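The values are calculated or read from the model by the stated rules, or taken from the named source; none is laboratory data. Note that the structure is a prediction, hence the values are computed from the model and not measured. FYI the Cβ positions are ideal-geometry reconstructions off the backbone, even for glycines, and counts take in every protein chain you see. To get the accessible areas, we keep the full protein, side chains included, count just its heavy atoms, and leave off ligands, DNA and RNA. Shrake-Rupley method; radii C 1.70, N 1.55, O 1.52, S 1.80 Å.
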Amino acid sequence: MAGPPLVTGAAGFAGSHLIEHLLENEPAVAAWSHRGGLGPATPDRRVRWNAIDLLDRSAVARELAALRPAAIYHCAGIAHVAESWAEPERALRVNVLGTHHVLEGVREAGLECPVLVTGSALVYRASMSAIGEDDPLGPSDPYGVSKLAQERLALRARHAAVFIVRPFNHAGPRQAPTYVTSSFARQIAEIEAGLREPVLRVGNLEARRDITDVRDTVRAYRMLVRDGQPGRPYNVCSGQAYRVRDLLDALVDRSRTTIRIEIDPARLRPSDNPVIAGNPSRIAAEAGWRPQIPIARTLDDLLDYWRRHTAGP
């Protein structure tokens, strides 16, 4: 008998939202996090938490054989471009070797469950046009290289039904402040609370990014496992590229105080594509998924999250 669906990287941004979405339809969900990141402060009893190091192959195989999940949503990994520049070897080890251990654990346990592997839009070659799944690949940073290697590895796993997703930028509550909209929202909340001077420090404001609400993104993951085709990559994106300056202006318009904007050279990336936009036609046609949450709600919820977080318990 199959166990509950498993989410790796469950304590992370997308993973935590995916758990909430799965619990709308599942009586229980298994959740793996890295050691030291085990579970929320107020755990839901329907979530079965376990601290697993994906680089420990024997532990991964042992736990998969015991759990025998109905599906695996592999969200764990190094998820930030700047972190991959600082530690490129670690990005490769966690993203590629960790995925290899999950897939080998599935094979060794004789599991027949679907496995969804979360790749990235940064596997594509830079383009000024909306990118489709058949467009050229050519990552320009260590993170993109690690995600492309992860994807190639996953597609070689003939023993499992592997689904590949290439999510573009996603945003929403609980996102780390190392990401652009969350950084803006956190700074605004701290300025409103009197915790910092009324200066919002920013990087490149002219870049354009295809941004989807994280709650729509994780809904796509479940729909693909149910209705997508294994071994076939799917973009998860809105199809609309927002200028970072416009997102900033929208958040500042929501603020409760006057704020000054300053460019911070430390926030400029060594590699920053001017446009990253995706074509979502494949996932719409084959899985019936389309984003439902407008960007205005995403920004509202993100700012409200940081206001609550800044205010404390």
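General remarks:
- C-alpha long axis of helix 180-192 to longest principal axis of the chain, angle in °: 50
- Folded to 0 to 90 degrees: helix 244-253 orientation relative to the chain principal axis, Cα: 60
- Net +/- balance of residues flanking residue 97 in space, Cβ distance below 13 Å, scoring K and R +1, D and E -1: -1
- Around the amide H of residue 7, modelled in the peptide plane, lie the amide H atoms of 30, 31, 32, 73, all under 5 Å away and 5 or more residues distant in sequence or on another chain.
- Accessible area per residue for the chain, computed on protein heavy atoms with a 1.4 Å probe, is 45 Å².
- With each label modelled as a point 7 angstrom along the Cα→C-beta vector, the residue 297-residue 128 pair spans 3.5 nm.
- Per the Cα gyration tensor, the stretch 216-313 maps to an equivalent ellipsoid with semi-axes of 32, 19, 13 Å, ordered largest to smallest.
- Lys, Arg +1 and Asp, Glu -1 on Cβ, resulting dipole of the chain about Cα centre, debye, nearest 20: 300
- Size descriptors for the chain, from the alpha-carbon set: Rg then Dmax equal 19.2, 60 Å.
- Other residues whose C-beta falls under 12 angstrom from the C-beta of residue 185 contribute a net charge of 0, scoring Lys and Arg +1 and Asp and Glu -1.
- Dipole size of the stretch 96-211 about its Cα centre, with +1 on Lys/Arg Cβ and -1 on Asp/Glu Cβ: approximately 100 debye, rounded to the nearest 20.
- For residue 195, neighbours were defined as the other residues whose beta-carbon sits under 15 Å from its Cβ, and their charges (Lys and Arg +1, Asp and Glu -1) total +3.
- FRET efficiency, residue 50 to residue 260 (Cβ-Cβ, R0 35 Å, nearest 0.05): 0.15
- Surface composition of the stretch 193-251: carbon and sulfur make up 41 percent of the accessible area, probe 1.4 Å.
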